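Structure first, then comments.
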Amino acid sequence: MAHILIIPKRIVTVDKQSRILKNYCVEIQDDKIKSIGKISKKTIKTFKGEVIHAEDLTLIPGFVQTHVHLCQTLFRGMADDLELLDWLQLKIFPYENAHDKKSLAASVKLGINELTLSGTTTILDMGTLRHQEVIFDELISSGIRAFAGKCMIDMNDLFPMFKSNTHDELKESYLLSKAFHNEANGRIKYGFAPRFALSASAKLMTEARDMMKDIPGSIFHTHSSENTHEVKAVRKKFKMNNIEYFNSLNLLDKNSVLAHCICVDKNEINLLKKKQVRVAHCPSSNLKLGSGFAPIPLYLKKGISVSLGADGAPCNNNLSIFNEMRLASLIQKPKYSPTAMDSETVFRLATIEGAKALHLENEIGSIEVGKKADIVLINLDGTAQSVYDEDENVYSRLVYSASGNDVKYVMIDGKWIVKSGKSKIYDQKEIMSEAKIELKKLLSRV
Ligand code: GUN
Ligand code: FE
């Protein structure tokens, strides 16, 4: 197994003291960070294993995205300039409904390739209605760390063809969770994923929650309170606001990840806090679909868990965490003040807070001895970079100026996924041409 010594310019640890270390190297043994020590010529000379001279790169924790849709990557640029419910009804549900195993695999590969090349090492994926095992197979073989689960839909007024029945949805989810939870050295975990209040019945959601008792460490992942039309429809159907409705079904606790949480009232915010719900904030998606601004500074002030996600490619249209970090900061400043969402706070949301949201904070999210070797080496001296003292403004560089292209090395679970800016798992040309062929075939099935 791996025995690797990395010699970076500096380490942004994201540990409890937010230490930034200079003249330190990191030793990786198998899947873990074995030691972090002062660089000495002797250590380097006598090291028996791979030595990575990254003296021009900054070592940071791998990024965590707590809301993505790998199955949608194929549909990038095909659903622009629409609001959520039209976007789902006219484009996304018909497209997802037309997936077969091959088109799904092609989509997932594109997504994982883009995510890993831009430094994301852990994701929470929403899955899709059919062929979920294809997503798991690809997650396992790619090397990425993931929570994922079959997207459950047992009612669908927007696109009635795109659903199954409650019993089969639950049974299939259960079998998938039994088959894949904790697979691949624990790298893969199960996230039960009813799509949203309008497409998953109360019975489906509550019974899925009950199943989680049988799958310790699994989580519950859905969308909530994303736009005004959606929350209006939820109110009409259930006579309650979305988060109040979820609470009435006992769906909310520290194992629940809710994407968006934009259109919420005071009582719902209090519920998020009281129930320790994890909010997955997706600023690009929220802007592009015109959904709105989630009150993230307020959530953080209250101590509500917030982490970041790119959502799907057709509502973004990019999966790089760097766009999400930058926007998560910038969009709040006009309302809350330029001092809100400073770069260090936002960098923590994209790393350790994402890990905490998924209860993986003892394994990932920071560079500390004993943690999993999920690491990124990034160039913070690119063409769009500050020339001011890097030690003084490393978070500024990371959040406001860096991009996915600056990521040069990515390791997950002790395995190199990206080296010298090139993917070790996918051939870009090959997966792009496969995706083009599969998309053409998929469109003939729509
Ligand atoms: N709500 C239900 N499904 C979806 C989806 O695929 N994307 C987003 N952004 N919101 C949703
Ligand atoms: Fe989503």
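If we keep just the residues of segment 240-262 that are of a type in the set (A, V, I, L, M, F, W, C) and within 15 Å of ligand 2 (Cβ to nearest atom), which is nearest to His281 (Cα to Cα)?
So, considering only residues that are of a type in the set (A, V, I, L, M, F, W, C) and within 15 Å of ligand 2 (Cβ to nearest atom), the one nearest to His281 (Cα to Cα) is Ala259.
On the basis of being open to solvent by 10 Å² or more (accessible area, probe 1.4 Å), out of contact with any Phe, Trp or Tyr (no Cβ under 6 Å at 6 or more places or on another chain) and either under 22 Å from His281 (Cβ atoms) or touching a residue at least 40 places away in the same chain (Cβ under 8 Å) (or both), does Asp15 make the cut?
No: the conditions fail for Asp15.
Report yes if Asn182 is polar (S, T, N, Q), out of contact with any helix residue (DSSP H, G or I) (no Cβ under 6 Å at 6 or more places or on another chain) and free of Cβ contacts under 8 Å to residues at least 24 places away in the same chain, otherwise no.
On the way: polar (S, T, N, Q): yes; out of contact with any helix residue (DSSP H, G or I) (no Cβ under 6 Å at 6 or more places or on another chain): yes; free of Cβ contacts under 8 Å to residues at least 24 places away in the same chain: no.
Criteria not met by Asn182.
Yes or no: Pro334 over 26 Å from Lys109 (Cα atoms), away from ligand 1 (no atom under 16 Å from the Cβ) and over 20 Å from the mean Cα position of the chain (by Cα)?
Here the answer is yes, as Pro334 does meet what is asked.
Let's see how each residue does on (1) of a type outside the set (Ser, Thr, Tyr); (2) more than 16 Å from ligand 2 (Cβ to nearest atom); (3) over 24 Å from the mean Cα position of the chain (by Cα):
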site: Ile188; (1), (2), (3): yes, yes, no
site: Ala200; (1), (2), (3): yes, no, no
site: Glu207; (1), (2), (3): yes, yes, yes
site: Asp210; (1), (2), (3): yes, yes, yes
site: Ile219; (1), (2), (3): yes, no, no
site: Ala233; (1), (2), (3): yes, yes, yes
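Residues that are more than 30 Å from Ile11 (Cβ to Cβ), within 16 Å of ligand 1 (Cβ to nearest atom) and over 18 Å from the mean Cα position of the chain (by Cα): does segment 120-134 have at least one?
yes
Condition test on Asp137, is it without any contact (Cβ under 8 Å) to a residue 40 or more places away in the chain, away from ligand 1 (no atom under 13 Å from the Cβ) and within 25 Å of Lys372 (Cβ to Cβ)?
Yes, satisfied.
For segment 80-107, how many residues are of a type in the set (A, V, I, L, M) and under 18 Å from His229 (Cα atoms)?
Residues flagged as of a type in the set (A, V, I, L, M) and under 18 Å from His229 (Cα atoms) within segment 80-107 amount to 6.
Which numbered condition trips up Leu21, out of (1) in contact (Cβ under 8 Å) with a residue 24 or more places away in the chain; (2) in a strand (DSSP E or B); (3) surrounded by fewer than 23 Cβ atoms within 10 Å (Cβ to Cβ)?
Unmet for Leu21, out of (1) in contact (Cβ under 8 Å) with a residue 24 or more places away in the chain; (2) in a strand (DSSP E or B); (3) surrounded by fewer than 23 Cβ atoms within 10 Å (Cβ to Cβ): (1).
Grab the helices (runs of 4 or more DSSP H) fully contained in segment 61-163, keeping just those with 3 or more residues being over 30 Å from Ala233 (Cα atoms), open to solvent by 10 Å² or more (accessible area, probe 1.4 Å) and more than 16 Å from ligand 2 (Cβ to nearest atom).
Values: elements: 93-97, 101-117, 132-142.
Here the list reads 101-117, 132-142.
Does Gly191 satisfy the criteria of being in contact with a Gly (Cβ under 9 Å, 6 or more places away or on another chain) and under 30 Å from Gly421 (Cα atoms)?
Judged against the criteria, Gly191 is not a match.
The values are calculated or read from the model by the stated rules, or taken from the named source; none is laboratory data. Everything numeric in this text was worked out from a predicted model, so none of it was measured. Glycine also receives a Cβ, built like all others from the backbone with ideal geometry; neighbour counts cover every protein chain displayed. For accessibility, only protein heavy atoms count, side chains too; no ligands or nucleic acids. Shrake-Rupley method; radii C 1.70, N 1.55, O 1.52, S 1.80 Å.
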